[in-house]
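The values are calculated or read from the model by the stated rules, or taken from the named source; none is laboratory data. Just so it is clear, the model here is predicted, and its values are computed rather than measured. Virtual Cβ from ideal backbone geometry, glycine too; neighbours counted across all protein chains shown. With ligands, DNA and RNA removed, areas are computed over all heavy atoms of the protein, side chains included. Shrake-Rupley method; radii C 1.70, N 1.55, O 1.52, S 1.80 Å.
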Amino acid sequence: MIKVIIAGATGRMGRRVAHMVGEHPRLEYAAAFEAAGNANIGRDVGELLTGTGSGVVIREGLEAVIDQGDVIIDFTFHKATMEFVRLAARHGRAMVIGTTGLSPENLAELKELSRNFPCVQSPNMSICVNVLFKLVKKTAAILGDDYDIEIIEAHHNRKKDAPSGTALKLGEMAAAGVNRNLKDVAVFERNGIIGERKPHEIGIQSIRAADIVGEHTIFYAGPGERLELSHRAHSRDHFAKGAATAAAWVVGQECGLYSMFDVLGLQDF
């Protein structure tokens with residue numbers, strides 16, 4: 001059995017990851033940790049989540065548990081994630097990172113440090129969303145420059161980053177399909193007298209409201225018609241299931257930085 005360490009064990013994603021780890025035939029929930037000051041430190045995670053003791057006690061910080069598992073699953077906050085990455089590199093522990101909001105500098109450091117440990121990092125762990133990434137690129141390539149590309153994403157009102165990492169990845173894939181660089185053509189806000197839309201723009205707009213788990217729609221709008229590709233999350237379980245799948249895959253891989261395309265065999269799709 002592959003032993004899993006869950007970061008942010010009592011958070012919304014930590015709880016769902018715990019459930020999916022428990023459902024996976026090759027994974028064992030071995031250790032849990034929270035940030036300093038969390039009221040649940042010292043509690044049995046099983047009693048907290050299901051009312052039944054599991055023997056896994058929530059510890060303070062990754063250093064307290066890093067030797068107890070084979071792989072760390074992290075859906076916390078970008079600053080915390082980078083601290084975990086540095087520890088994983090020093091200890092040679094595999095990681096699965098679903099945290100969003102990582103900066104280009106963070107990603108560059110992650111790529112460099114992953115020479116010392118195997119890591120799967122993705123802006124979205126959902127299996128369906130990763131298929132969508134590929135479809136978005138292929139659709140853009142087929143339709144070409146005659147179709148305007150716009151992306152709308154919606155999430156709950158507690159999400160800290162905007163646009164979502166998933167929306168940015170969708171934009172990158174769409175831009176690649178029409179031989180553009182998203183940095184050069186992305187438009188994140190439209191307000192006032194802005195003039196006509198430039199032909200090569202890719203718009204990415206964000207909605208934050210109530211308890212929306214996650215919705216992404218890509219519009220390809222041409223003369224007299226449009227095509228929409230959409231993904232709607234019904235719960236956080238699909239993110240957690242993807243992370244569990246990645247955790248089972250990454251242990252035993254060579255050191256390096258991988259994506260969900262690697263996990264799902266989609267690199268050549």
Q. List, please: which pairs have Cβ atoms under 7 Å, are six or more places apart or on different chains, and start with a residue in the stretch 188-209 that is of a type in the set (A, V, I, L, M, F, W, C) and end with one that is buried (at least 16 other Cβ atoms within 10 Å of the Cβ) and in a loop (DSSP other than H, G, I, E, B)?
A. Phe188/Pro163; Ile204/Pro163
Q: Pick out the one residue from Val251, Val263 that is under 15 Å from Asn124 (Cβ atoms) and not small (Gly, Ala, Ser).
A: Val263
Q) Among the listed residues Ile142, Ile152, Ile127, which satisfies the condition of being of a type in the set (A, V, I, L, M, F, W, C) and under 13 Å from the mean Cα position of the chain (by Cα)? A) Ile127
Q | In the stretch 1-22, residue farthest from Lys79 (Cα to Cα) [restricted to those that are open to solvent by 30 Å² or more (accessible area, probe 1.4 Å) and free of Cβ contacts under 8 Å to residues at least 60 places away in the same chain] | A | Met1
Q) Checking Asn157 against (1) touching a strand residue (DSSP E or B) at 6+ places or on another chain (Cβ under 7 Å); (2) buried (at least 16 other Cβ atoms within 10 Å of the Cβ), which test does it fail? A) (2)
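Matching residues to (1) more than 30 Å from Ala30 (Cα to Cα); (2) modelled with pLDDT under 95:
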residue: Lys198; (1), (2): yes, no
residue: Ile207; (1), (2): yes, no
residue: Glu225; (1), (2): yes, no
residue: Val263; (1), (2): no, no
residue: Phe269; (1), (2): yes, yes
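Residues checked against (1) buried (at least 20 other Cβ atoms within 10 Å of the Cβ); (2) of a type in the set (Lys, Arg):
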| residue | (1), (2) |
| --- | --- |
| Val85 | yes, no |
| Arg93 | yes, yes |
| Gln121 | yes, no |
| Met125 | yes, no |
| Lys134 | no, yes |
| Gly144 | no, no |
| Ile151 | yes, no |
Q: Among what's in the stretch 31-77 and is under 22 Å from the mean Cα position of the chain (by Cα) and without any contact (Cβ under 8 Å) to a residue 60 or more places away in the chain, pick the residue that is nearest to Pro118 (Cα to Cα).
A: Leu62
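Residues checked against (1) among the acidic types (Asp, Glu); (2) in a loop (DSSP other than H, G, I, E, B); (3) open to solvent by less than 30 Å² (accessible area, probe 1.4 Å):
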residue	(1), (2), (3)
Glu172	yes, no, no
Asn191	no, yes, no
Pro199	no, yes, no
Thr217	no, no, yes
Ala244	no, no, yes
Gln253	no, yes, no
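Please go through the stretch 224-241 and give me each residue that is part of a helix (DSSP H, G or I) and touching a strand residue (DSSP E or B) at 6+ places or on another chain (Cβ under 9 Å), ordered by number.
Step one: filter the stretch 224-241 for residues part of a helix (DSSP H, G or I), giving 237-241.
Selection gives Ala240 alone.
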Q. Does the stretch 24-43 hold any residues that are out of contact with any Leu (no Cβ under 7 Å at 6 or more places or on another chain) and part of a loop (DSSP other than H, G, I, E, B), and which are they?
A. His24, Pro25, Arg26, Ala35, Ala36, Gly37, Asn38, Ala39, Ile41, Gly42, Arg43
Q: Please indicate, with yes or no, whether at least one residue in the stretch 47-64 is in contact with a strand residue (DSSP E or B) (Cβ under 8 Å, 6 or more places away or on another chain), open to solvent by 10 Å² or more (accessible area, probe 1.4 Å) and closer than 22 Å to Gly165 by Cβ.
A: no
Q | Test result for Ala221, part of a strand (DSSP E or B), open to solvent by less than 60 Å² (accessible area, probe 1.4 Å) and either touching a residue at least 24 places away in the same chain (Cβ under 8 Å) or of a type in the set (Lys, Arg) (or both) | A | yes
